[in-house]
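Here is the structure we will look at, set down as structure tokens.
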Amino acid sequence: MFEHLQPLPQDPILSLLGEYRVDTHPHKLDLGIGVYKDEQGNTPIIGAVKEAESRLLTSEQSKSYTAPAGTAEYNHLASALVFGTEHPALKDQRIISAQTPGGCGALRMGAEFLRGCSQKSRVWVSLPTWANHAPLLTGAGLEIAEYPYYDYATKGIQFEAMLQTLEQAHAGDFVLLHGCCHNPSGADLNPAQWQAVADLMARKGLIPFVDMAYQGLGNGLEQDAFGVRLLAEHFPEMLVATSCSKNFGLYRERTGTLFIIAANPAQAETAGSQLFSKIRSHYSMPPAHGAAIVETILADTGLTLSWKCELASMRERIQGLRQQLVSAITASDIEGDFTFIQHQFGMFSFLGISPQQVEQLRQDYSIYMINSSRMNIAGLNQSSMDYFVSALAKVLSAR
Ligand SMILES: Cc1ncc(COP(=O)(O)O)c(C=O)c1O
């Protein structure tokens, strides 16, 4: 049976990481995979996470099974983080939430749920979007359509084209929107654009599905939730997938949440029964440890404050690196306009170089990024900045 199988190509980001690990170049730089790194190039364990872990270790509570949704306490705290404590849907019990194995688990379970809503469920995704969106959505049997989002030529959002394309969507279609820190472009909608998208979608009967994997790493915890909260005020039905991988540094603990907002509490309960049945048939119950850490932090004022401070310093480090990069590029004799990097949010930016130039950076300078030239700004540091900019200058002048 298995002899008929054809090998599939490895995930491009993971294979890049494999190549980087065996590279012996003393100045090698990994700007590929989207994890936060500190000045030493390490992905740190956040202090509040360490403290929460030590509290959990000394706790007397047994680690028995929970439920397909995880614990009620985690779900409550996670929803307050995304929607704020005053959100009407929280108060009138229109939100169903499930702790999931990471943001991917949330996206996939959201997609499975949507597939169960209708045989013809179609999801619109931004062009470009995170490479794993298509497999997560189509793997559940959803049809994908694309709306224009990032314009490589003007280095900004193609907002008019985005709206024009969404005008062609049909009532009942879902629209996947990045809550903040658009991956891969780093270009986010401004408040007026969120409002215009919300108006169009409400008029057309489209349903939002928000992917919020970087809350707190763009402009701030509250600011980053602007779009998702605006939509949640306008739409009786929507889905939100969140991740604690980046903002709590819990990548391998696989901690995320799927929220389903329904029109009324009865429909929310029915939607929950559908969702929990899907979860039961996929992985039964989510892993508990990462969620217990998040729960411990968010339930404690002191730990929450300490986590928020650390998150703010991560965000400031990324913003500082972005500004330094722009200054270093401006000060060098690199041709081209790179000022766009300043106006973007989160860990990612497109550098706007060709796949051949990306390849040359890898071959000649051991600088790793994915072919689209999306770079993880957090992968830079003070000592690698000059090396990176001079390598970039050499590769670009070789045109
Ligand atoms: C846009 C986006 N959504 C979702 C995720 C999923 O994150 P997780 O690692 O929690 O599954 C990621 C992770 O890279 C992402 O970039």
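At a glance:
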{"item": "Among beta bridges that DSSP assigns inside the chain, antiparallel share in %, nearest 5", "result": "45 percent"}
{"item": "Nitroxide proxy distance, nm - points 7 Å out along Cα→Cβ at E19 and S64", "result": "5.1 nm"}
{"item": "Cα gyration tensor category, rounded, prolate or oblate, for the chain with a/c compared to 1.5", "result": "prolate"}
{"item": "Accessible surface of segment 65-299, 1.4 Å probe, proportion on carbon and sulfur as whole %", "result": "53 percent"}
{"item": "Rounded accessible area per residue of segment 65-299, 1.4 Å, Å²", "result": "38 Å²"}
{"item": "Point-to-point label distance, E53-Q356, nm (Cα→Cβ direction, 7 Å offset)", "result": "4.7 nm"}
{"item": "Lysine pairs within the chain, Cα separation less than 15 Å, 8 or more sequence positions apart or different chains", "result": "4"}
{"item": "Tensor-based shape of segment 1-46 (alpha-carbon gyration tensor, a/c under 1.5 rounded, otherwise prolate or oblate)", "result": "prolate"}
{"item": "Antiparallel bridge percentage (DSSP; both residues within segment 66-219; nearest 5)", "result": "15 percent"}
{"item": "Segment 355-399, accessible area per residue, ligands and nucleic acids excluded (1.4 Å, Å²)", "result": "40 Å²"}
{"item": "R0 of 45 Å, Cβ-Cβ distance S313-Q119: FRET efficiency to nearest 0.05", "result": "0.40"}
{"item": "Rough spin-label spacing in nm, given labels placed 7 Å along Cα→Cβ, for E237 and E86", "result": "2.9 nm"}
{"item": "Amide H within-cut-off set for A213, under 5 Å, with H built and near neighbours excluded", "result": "G179, C180"}
{"item": "Centre separation in Å (Cα based) which lies between segment 257-312 and segment 365-399", "result": "38 Å"}
{"item": "Nearest 10 degrees, 0 to 90: helix 301-331 Cα axis against the chain principal axis", "result": "30 degrees"}
{"item": "Using alpha-carbon coordinates, inclination of helix 265-282 to the longest axis of the chain, degrees", "result": "60 degrees"}
{"item": "Peptides 290-298, 67-75 ordered by average Cβ neighbours within 10 Å, highest first", "result": "290-298, 67-75"}
{"item": "Net length gained if the chain between A331 and Y387 were fully extended (0.36 nm per residue, minus Cα distance)", "result": "18.8 nm"}
{"item": "Rounded tilt (10° steps) of 355-365 against the dominant C-alpha axis of the chain", "result": "60 degrees"}
{"item": "Karplus 3J(HN,Hα) series, Hz, for segment 251-263 with 6.51 cos²θ - 1.76 cosθ + 1.60 (x for Gly, Pro)", "result": "2, 7, 7, 6, 10, x, 8, 10, 10, 10, 9, 10, 5"}
{"item": "Computed [θ] at 222 nm, deg cm²/dmol, the chain (DSSP H ≥ 4; -39,500 (n - 2.57); rounded to nearest 500)", "result": "-14000 deg cm²/dmol"}
{"item": "Considering only segment 135-288, percent of DSSP beta bridges that pair antiparallel, nearest 5", "result": "45 percent"}
{"item": "Selection of trypsin sites (Lys or Arg not before Pro), segment 10-84, meeting DSSP coil and at most 12 other Cβ within 10 Å", "result": "K63"}
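The values are calculated or read from the model by the stated rules, or taken from the named source; none is laboratory data. The structure presented is a predicted model; accordingly, all values stated were derived computationally and were not measured. No Cβ is skipped: glycine too gets one built from the backbone with ideal geometry, and neighbour counts run over all protein chains shown. Note: areas computed on protein heavy atoms with side chains; ligands, DNA, RNA excluded. Shrake-Rupley method; radii C 1.70, N 1.55, O 1.52, S 1.80 Å.
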